[in-house]
Amino acid sequence: MKRFLPWIILAFAVVLIAPSWMPPKTAKDDFDFSNFGEIPVLVGGRVKPLDTVARNSLLIIHGKQELRLEDGKRLSAMQWLTDVLFNAPVADQYPVFVVQNSDVLGLFGWQQSDRKYFSFAEFAPFLKQIDEQAAQSDKLEAVQRSAYQSAILNLRNGLSLYQRLKNSIQPEGAQNFAAELHQFESAVPGAAKAARERAMGEDFDKAKLDDVAQMIQRYERLSEMAYVLAVPPFERNGEWHSVGDSLLRSVATGEIHPIVAEDALIGDAYRADDRMLFNQHAQLITDWFGKEQPNTTKRASFEFLFNRLQPFSQSMTLYVLAFLLACASWLGSSTLLRQSAFYILLLALAIHTFGLVSRMYLQERPPVTNLYSSAIFIGWGAVIVALILERIFRDGIGAACAGAIGFVTLIIAHHLAGSGDTLEMLQAVLDTNIWLATHVVAITTGYSAMFLAGMLAIIYVVRGVFTTSLKKQTADSLARMTYGVVCFATLFSFVGTVLGGIWADQSWGRFWGWDPKENGAVLIVLWCAIILHARWGGFIRQRGLMIMALFGNIVTSFSWFGVNMLGVGLHSYGFMQKAFPWLVGFMISQLALMAVAAMPLDRWRSFQTARVPSPGERPQISPAPSAG
Amino acid sequence: MLHKLVDLITSLKLTIVCLAAGMALIFAGTLAQVHLGIHEAQQRYFQSMFVWWPPEGHGFRIPIFPGGHLIGAVLLINLIAAHVKRFRWTWRKLGIHLTHAGLIIMLAGALFTDLFAVESHMRLSHGDTKNFSEDMRDTELAVIDTSGDDLDQVTAIPDTVLRHNRVIDHWSLPFRIVVRNFYQNSRLKMLSQTGEGTRPIANQGPGAMIAVEPVARATAPDERDVPSAAIEILPKDGGSLGTWLVSDALGAPQTFACGGRTWMVTLRPARYYKPYSVTLQKFTHEKYAGTEIPKNFSSKVTLIDPERSVDRDVLIYMNHPLRYRGETFYQAGFQPDDSATILQVVHNPSFIAPYVACVIVAAGLLVQFGFHLVGFSRQRRRAIA
C-alpha cells in the first residue's frame, strides 16, 4: 500500500487544480460574459480578447483581477468592464481606485481610515485638482518623485484610463444607442446632399445638416477618448478603428460597420437587463469574427483560455507542495516523500511550460521580452536544472530547490504584472527575435543557475547549522552540485554578456558602454570567475564555496533588479520603486546567512553530532584542476 | 627578488584580487552614474588609471582606488605572464587555454577600442547631404578663409586648446586669437531680457547684445554642453578687430575682413570629414497602432563615393547598420517632429575582436566543463557499480 503513496499524493494534487481546467458553465438565463469576453479588440498595439483588457485595466486601477464590493459580492473583471462600457452610472459607484497615501487623501480633506478603495463618483468633484497635481509630478523623472507625487500620478492615470474605457464602445451615458445610430445612418445621406448644395452655393436644408453636425461632434469626442479599438478592418492587413473613428468614417461611406451596430445592441440589451438578447448579439459578433478573421479569433480565444487557466498560479501552488514534501523527506520515510515531490514537480513544470509556451505563441516572440517574463523564465530554467540534479543525486535536495525557486520566481512575476499587459509590444530596438532568443535567454539562464547555486548553499547552511541532517555524503553531494551549477552559470553568463555586447555593437554602435545593466551582467561573470579560480587555487573548500554561492545571490539580484532601480541607461525598462525594500531585505538575509555559515564548525549542529572531520578540513572530493 | 616578483605577477592570488577589485570598481562606478551621468562616471572610474578624491582639483587630490585601465592592464599582464610561465600542452588543459586566449583577445580589443575608436553623429534633415560627422562632446573653433574661388580654407582649433591657451598663433592665419573668456557649458540670453547690470563679454557682431551665463556641465546622456568663448582678433600687423562671442548656441558663422581676405569664425561641434557623402532621402518612424510605442525607425540614404565609384541607396534601421570604409552608421535617434534623423557614426578598428573572443571563450568553457562532466559521470557510474 505504501508504494502507492506518491501516486496518491499526485492524484490529490491533480484534483486540487482540476477545477480550473473544467470549462465554465454559464446558466442559460444569465449574461454570457465569457462569450462577450472572447471578442478580439486592439489595445496597446496588440489584438487581444476583451477579457484581457478587462483584467489588465482592473489590475492597473484596482491592483487585482477581481472586484469585491462592499456588500461582499464579487465581480469578475469582465462583469466590471461591461458595467464600465455600457452602464457608467453604476460603475461609477464601485470602489475600485486604490489610494493609500495619506497626503493624497488629505488633498480632498479626507482622513486616512482602514478604507483604501474609492469610487469614481467620490473623485468626480476633484478631477481638475488631481489633474493639476499630477501634471506637476509628471514633469519629474520617476526616480525623483516623492511617494505623494507617485501616488497622485497613479491616481490620475487610473482615472484617465477609466474615463477612456467609459467612452470606448459608446458615448458615456448613451441610453438608446442602437436607435441613435439608426437615426444617424438615415440622416447622413440627406446631410451629405445638403453639404453639397451648400458648397455649390444653392439652397440647402440647414436642419438636416445641423442634426448630423451635432452627432459628428459627439463622435469626434468619442474617437478622441477611446481606449479600445473595437472595430476590425475588413481586409487582412487593414487598420483597426475605435467606434468613434469608425462612425466618422461612416459619414463618407454612408454605412455603419456591422460590429459597431452589434456593440450598440449589446449595450442596450445589457442596460435593459435582457440576457437573451445580450447573449444572442455577443454570439453574432463571435460568429462574424470566426468567419472574417479566423486567425485573430483563434489567438484571442486561446488568450481567453490562458487568462482563465492562470497556469502560473497553479504551478505556484504545486511548487509549494513539492517543496514541503522534499523537506519532509529529510525527516523520515524519505524515498516515498521524495518521489511524491518529484512527481508533483513534473506536473508543476508541465503547467509552467504550458504557460511559457502559450505566452510565446501569443506574442510570437522568444520567451523573455520584459522583466515579468524574465522571472517566469528564470524559475523555469532553474526548476529544470534542479530536477536534473534530483534525478542524478536522488536526495531531495534538487526537488527542494526546484520547489523553492519555482515558487519564489512566480511570486515575483505575479507582483511584476501590476503595470498592465505583460505581453506588451516591444520597443523598436528590442524588435529582433534572434537577439531576444540568444542574448536574453543566455543571460536569464545564467541568472537561473546563479540562484540555483545560491539555493543549494542555503540548504547546506540551514541543514548544517540548524539540524543534524547534513551527513558527510549529503554535504559532498551539495558541494559537487553547487560547483557544477556555478560552472554552468559561468558559461551562460559569459556567453550572454558577450552576445549582449555584440547586439549593442549592432544596434548602438558600441560593444561596451558601461550601461548599468551591462555592468550588472559583467559583475556576475566576474563573481563566477572568482569562485572558480578561488576553488582551483585551493583558497576555498566546501564551506567557502557555499559562502561565495550565497553572495552570488546578492550579485545576481542586483544585476536583475538593482540596476533597474538606478533609473539610468538604455536598459532601464521597468522601474519599480516598490520592490526596493524587498531587494534590500533579500540582500540582508543572504548576508546574515553568510555570517551564520562563517561560524566555527563546532557550532554547526550537524558537525557537532557527527564528529567526523569537518568539511573545511577534508581534502577535496574531485581532483581540482589547476588554473592558468 | 626577481623570482618573487615573477611569482607575484603570475600568481592566482593576483588574478583573484584583480577580479575582486574590478567588481568593486564596477559596482561603485555604476552607482556613481546616478549623479554623474554615464559619460562622466565612465571617465572617472573605468577609463582612468586611478579613481581620485576629491574628483575636481582643489589643489591636492589622492588616488583612492585603482581605475579601470590599471586593473585591466594588471589582469592582462597577469594572464599572459601566468600562461607563459606555466604553459604546458595537454589535452586536459585545452579548455583552459582556449578560454584564456579568448579573454586576452577580448581585453586587448577593449583596450584598442578605448584608445582608437571614434564615435560621432551625423544629423540629416530631409534632402540634406553631408560629408562629415560631428563629435558628440568636443567642439572646435573653425576659422574659415572664404576668399578662395571654389574651396574654403578651414583652420579648426579644438576646444581643449581654447580652454588652456590664452593666445592662438597659427601660420595659416594673418592674425592672432586671444581667448578672453571660455565657458565649458553656458546659456545665452538677449541682453534686453536680462536685468540691469549684466554686461556682454564681446563688443562685435551679435555677441555685443548677448549675455552669457555659465551653467553646470550636462550629465544626461542626451544632453551636450554648450561651450561659449569671447575671442579677440589681433591682426599680426597691429591693432585689434574687437572681441567676438563664439558659441555653439549661435547659429550662423560671423564674418570679418583681415589681411585683404574675408574670414568666417564659428564655434561648432568638432567635425570628421569623409571622402564620401551621405544624403537623407527619407526618414520613417513607425508606431504600433493606437500607441506611442515606436515600432521601427529607418533612414533611407544615398551613399556617394566618387573615389570608388559608388552611388547607391541604403536603408539604415534598427539593428541593421551600414558598414562602409571602416565606419559604421547606426540609426541612433531623430528630431522630435521626425524632420531629421540622427545617425551614429563609429570608427572602431577592433570591432571584430569581441566576436572572435566570444567564440573562442565559449568553446573553451564548453570543453573545460565538458571534461568535468564526463569525469564526474564516470566517477558516479563507478560508484554505483
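Tabulated results
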{"read-out": "Given charges at beta-carbon only (K, R positive; D, E negative), |dipole| of the protein assembly as shown in Debye", "value": "6020"}
{"read-out": "Average other protein chain Cβ within 10 Å of Cβ, residues B:16-27", "value": "5"}
{"read-out": "Principal-axis tilt of helix A:127-138 within chain A, Cα atoms, nearest 10 degrees", "value": "40"}
{"read-out": "Label-point gap, in nm, between residue B:64 and residue B:264 - each point 7 angstrom along Cα→Cβ", "value": "4.8"}
{"read-out": "Ranked B:372, A:62, criterion: other C-beta atoms within 10 Å, fewest first", "value": "B:372, A:62"}
{"read-out": "Residue (of A:124, B:328, A:546) at the positive-pole extreme of the protein assembly as shown, dipole from beta-carbon charges", "value": "A:546"}
{"read-out": "Residue A:276-residue B:292 pseudo-label distance in nm [points 7 Å out on the Cα-to-Cβ vector]", "value": "4.9"}
{"read-out": "Potential lengthening between residue A:206 and residue A:588 on full extension [0.36 nm per residue; Cα-Cα distance subtracted]", "value": "129.9 nm"}
{"read-out": "At least 24 Å along the helix axis (C-alpha) and Kyte average at least -1.0, DSSP helices within chain B", "value": "B:12-36, B:68-86, B:94-116, B:353-384"}
{"read-out": "Residue mean of other protein chain beta carbons inside 10 Å, B:343-354", "value": "3"}
{"read-out": "Highest average packing first - A:297-303, B:151-157, Cβ atoms within 10 Å", "value": "A:297-303, B:151-157"}
{"read-out": "Long pairs among A:578/B:13; A:73/A:166; A:139/B:295; B:13/B:93; A:139/B:287, criterion Cα-Cα beyond 29 Å", "value": "A:578/B:13"}
{"read-out": "Partners for residue A:206 among lysines (Cα-Cα distance below 21 Å; same-chain residues under 8 apart left out)", "value": "A:193"}
{"read-out": "Among B:201, B:265, B:173 the positive-end extreme of the charge dipole of the range B:139-271 (Cβ point charges)", "value": "B:201"}
{"read-out": "Backbone HN-Hα couplings from phi across the range A:101-115 [Karplus 6.51/-1.76/1.60, Hz, Gly and Pro as x]", "value": "7, 5, 5, 5, 5, x, 4, 9, x, 9, 8, 6, 10, 7, 8"}
{"read-out": "Cβ-derived FRET efficiency at R0 51 Å, residue A:599 paired with residue A:22, nearest 0.05", "value": "0.45"}
{"read-out": "Chain A: angle of helix A:441-466 to the longest principal axis, Cα-based, in degrees nearest 10", "value": "50"}
{"read-out": "Ellipticity estimate at 222 nm from DSSP helix runs (n ≥ 4, -39,500 (n - 2.57)) divided over chain B, nearest 500", "value": "-10000 deg cm²/dmol"}
{"read-out": "For the range B:1-28 versus the range A:358-429, the gap between their alpha-carbon centres in whole angstrom", "value": "37"}
{"read-out": "Within 10 Å of each Cβ in B:290-297, the average number of Cβ atoms from other chains", "value": "6"}
{"read-out": "The range A:1-146: relative contact order as a whole-number percent, Cα under 8 Å and 6+ apart", "value": "12"}
{"read-out": "Amide H contacts of residue B:204 (H built 1.01 Å from N, under 5 Å, at least 5 apart or other chain)", "value": "B:243, B:245"}
{"read-out": "Rounded to 10°, Cα long-axis angle of helix A:258-271 versus longest principal axis of chain A", "value": "90"}
{"read-out": "Pairwise centroid distance, computed over Cα atoms, of the range A:115-174 with the range A:285-343, Å", "value": "35"}
{"read-out": "Inter-probe distance in nm under a simple model that places probes 7 Å from Cα toward Cβ, at residue B:81 and residue B:9", "value": "0.5"}
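All of the numbers you see were taken from the coordinates with simple rules; none came from a lab. Since this is a predicted model, take the numbers as computed values, not measurements. Note that each Cβ is placed from the backbone with ideal geometry, even for glycine, and that neighbours are counted across all protein chains shown.
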